[in-house]
1. Considering (1) more than 15 Å from the chain's Cα centre (by Cα); (2) assigned to a helix (DSSP H, G or I), say which one residue 174 fails and leave the rest.
2. Of the residues that sit in the range 192-206 and are under 23 Å from residue 413 (Cβ atoms) and out of contact with any strand residue (DSSP E or B) (no Cβ under 9 Å at 6 or more places or on another chain), which one is surrounded by the fewest Cβ atoms within 10 Å (Cβ to Cβ)?
3. Just need a number here: residues in the range 428-450 that are outside any loop (DSSP other than H, G, I, E, B) and in contact (Cβ under 8 Å) with a residue 12 or more places away in the chain.
4. When you check residue 333 against the structure, is it assigned to a loop (DSSP other than H, G, I, E, B) and more than 16 Å from residue 212 (Cβ to Cβ), yes or no?
5. Is it the case that residue 238 is surrounded by fewer than 23 Cβ atoms within 10 Å (Cβ to Cβ), in contact with a helix residue (DSSP H, G or I) (Cβ under 7 Å, 6 or more places away or on another chain), in the same structural domain as residue 352 (by TED's automatic domain parsing) and free of Cβ contacts under 8 Å to residues at least 60 places away in the same chain?
6. Among (1) buried (at least 17 other Cβ atoms within 10 Å of the Cβ); (2) more than 24 Å from residue 327 (Cα to Cα); (3) modelled with pLDDT of 95 or more, there is one condition residue 459 misses while meeting the rest; what is its number?
7. Is at least one residue of the range 493-501 farther than 30 Å from residue 360 by Cβ, touching a strand residue (DSSP E or B) at 6+ places or on another chain (Cβ under 6 Å), assigned by TED's automatic domain parsing to the domain that holds residue 261 and assigned to a helix (DSSP H, G or I)?
8. Taking residue 423 as the residue in question, decide whether it is surrounded by fewer than 17 Cβ atoms within 10 Å (Cβ to Cβ) and either farther than 30 Å from residue 358 by Cβ or not assigned by TED's automatic domain parsing to the domain that holds residue 353 (or both).
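The values are calculated or read from the model by the stated rules, or taken from the named source; none is laboratory data. As the structure is a computational prediction, the values presented were derived from the model and not from experiment. Cβ atoms come from the backbone with ideal geometry, glycine included; neighbour counts cover every protein chain shown.
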């Protein structure tokens, strides 16, 4: 029994041990992580309990959102019991009937009161103040249980991870960070020669990954719900022309001189996200999709980003096809950190220019993290016209054939451009920030019980809807993207809209 508490945990009191044993007898062995939550010094809740039947009505004591726990209290700790009754705060309404099953996660079965004026949900997404995870040794019982579910090489798609390791945003929003330097992307269309355009594509591509990782420590964004949508736009530095409304575009409230972005979760099994960006005045667009396929490697986790993207330059009739590197979560038993790895290609069939980008993983002994090496080739040539080396989250230096070197991209000195997102109060129910706001609030205020309950409610609703479609033989229909061959394509891309207007 003591192995559940971890070798570095303080020996619990006799009363705590008796309470632990009573919980196991009542709740059953599959809910042992809920029982561990009540032991002093334990924090975080394993989400694996969400698979237990809703007949087990397990709730935990509440900590009101607007009264953050005292700093002396262990984060995520609660003193709930496995009794059938629920503890309810007068200021917090009960979950709707279709979300009551959230209680099986061992957390509170109440969402946050979204009508509370002092909760600024928009600000929670704007603040980059996720606390550092620190060592995983402090969550020994949860990690021990998690590891007991997996084996080397196992697909992690259906393994539920503990809530406390989540980043406070959806994966769809993270993909928007590919365009955190909108000026580099839009400048592709301004280049006058095929060679310069390929070099600019490579420059934007190499700048596209650092903004998605807000810190060295690995945190996992929310898995998007099927049908979830994220929309935003950026003001583009250096673009001073006055724009006009684009009612038929991906962001109806944006203007033609702004870079617009939209993403949709088009599949749940397998998990596939599709996303599209365009700048109408520059006549440039991007369409891509990623299937995240994760695998357990022992002391690390690999996420293969399967899919591709396409940069379209309408005025030059050029398309640049590219793929994405894999992500690795390293040192998952100590202080987890993220690196990228793999070889990616960028090709333009029309011009023949191509590039190869290698994301180098850190050697087991010595070596540096986050290294990249890139080469740009002219049509039919085997000797590169340009090479780039450095760190994808730091400084990258280019070298021409004549030996001239200069800074190619410096992500440390380049400020990212803030994306503009519609206020949560004005968002539709399937938009990312609206859907995940209660989970985000729980993580923001370190109320892991309520974050877990809100997350479980969303996931249970998704399961219920999937069952209804299956029982009634209803096919899921995507809203913004459709499948063409192996690729997910935006239904109303810029080129299609411009062509239709020309024909009218």
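1. The single condition residue 174 does not satisfy is (1).
2. Once the filter is applied, the top-ranked residue is 196.
3. 15
4. In short, yes.
5. yes
6. With (1) buried (at least 17 other Cβ atoms within 10 Å of the Cβ); (2) more than 24 Å from residue 327 (Cα to Cα); (3) modelled with pLDDT of 95 or more applied to residue 459, the lone miss is (3).
7. Checked against the condition, which is being farther than 30 Å from residue 360 by Cβ, touching a strand residue (DSSP E or B) at 6+ places or on another chain (Cβ under 6 Å), assigned by TED's automatic domain parsing to the domain that holds residue 261 and assigned to a helix (DSSP H, G or I), the range 493-501 yields at least one hit.
8. So residue 423 passes the test.
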